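FYI, it's all coordinate maths here, none of it is from the lab. Computed from a prediction, not measured in an experiment: that's the story for all the values here. All Cβ positions, glycine included, derive from the backbone under ideal geometry; neighbour counts span all protein chains shown.
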């Protein structure tokens, strides 16, 4: 079946530090992969996506590369800001199973000045 | 502006009461979804609908009901059978298929039991 596993949180970093949040997936077909971000008390917002192997999604300084050989989609940012403090969710969508999305459990990030 | 509107933002339920959460979208999306989020946890799928007048149970449908009479609307009723309803409820919508398969979320409804 389909599933997403992401690194446990919470993660606390100092401003300007390098961020990596690990995400691995299991899928029966050829999934699209996503990172969503959730700020306190709000819904999820799409951060970036990749639809095929070796694609790199990027947005607001965040990047993730679709690695089929390692079934991974790790989120990275070179220099985090206090405003990046949020919960980050990795997700996959597999058209072979309709339009359902499969979400990881989320990783809480706190950036301190 | 196009988007998904959930209302109310906060909702309180008394014992034995049914309550309905509203979700409306003007994105012309065919598919709509309801998720439940508990503190520190991920999203769990309650119900989803890919077309008007049709919907399917998700992983935790017991104690919930939905309807899809209009393309833009997908209300969720939390029934008295749901014994632990306190949670953050998120509605989402998406187009069907291909590169358009991105889910867009509303701002959520926080439900508490009095």
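Of all alpha-carbon pairs in the protein assembly as shown, indicate the percentage at a distance above 27 angstrom. Counting pairs separated by more than 27 Å, the tail of P(r) holds 34 percent. With neighbours defined as other Cβ atoms within 10 Å of a residue's Cβ, the residues A:34, B:12 order from fewest to most as B:12, A:34.
To the nearest Å, what is the center-to-center distance of the stretch B:27-66 and the stretch B:70-111, using C-alpha atoms only? Going from one Cα centre to the other spans 5 Å.
Using only alpha carbons, build the gyration tensor for the stretch A:47-113 and give me the equivalent ellipsoid semi-axes, biggest first, whole Å. Working shown, then result.
Values: eigenvalues 116, 42, 18 Å².
Three semi-axes, in Å: 24, 15, 9.
Of the three principal axes defined by the Cα atoms of chain B, the extents in descending order read 42, 25, 24 Å. The simple spin-label model puts a point 7 Å past each Cα toward its Cβ; for residue A:60 and residue A:5 those points are separated by 2.8 nm.
Residue exposure proxy: A:90, B:23, ordered by other Cβ atoms within 10 angstrom of their Cβ from fewest to most, comes out as B:23, A:90. Projected label points at residue A:69 and residue B:44, each 7 Å from Cα along the beta carbon direction, are separated by 3.9 nanometres. Taking B:19, B:66, B:78 in turn, the Gaussian network model of chain B (Cα-Cα springs below 10 Å) assigns the largest fluctuation to B:19.
Percent of alpha carbon pairs in the stretch A:1-73 separated by more than 18 Å? Result: 45 percent of Cα pairs exceed 18 Å.
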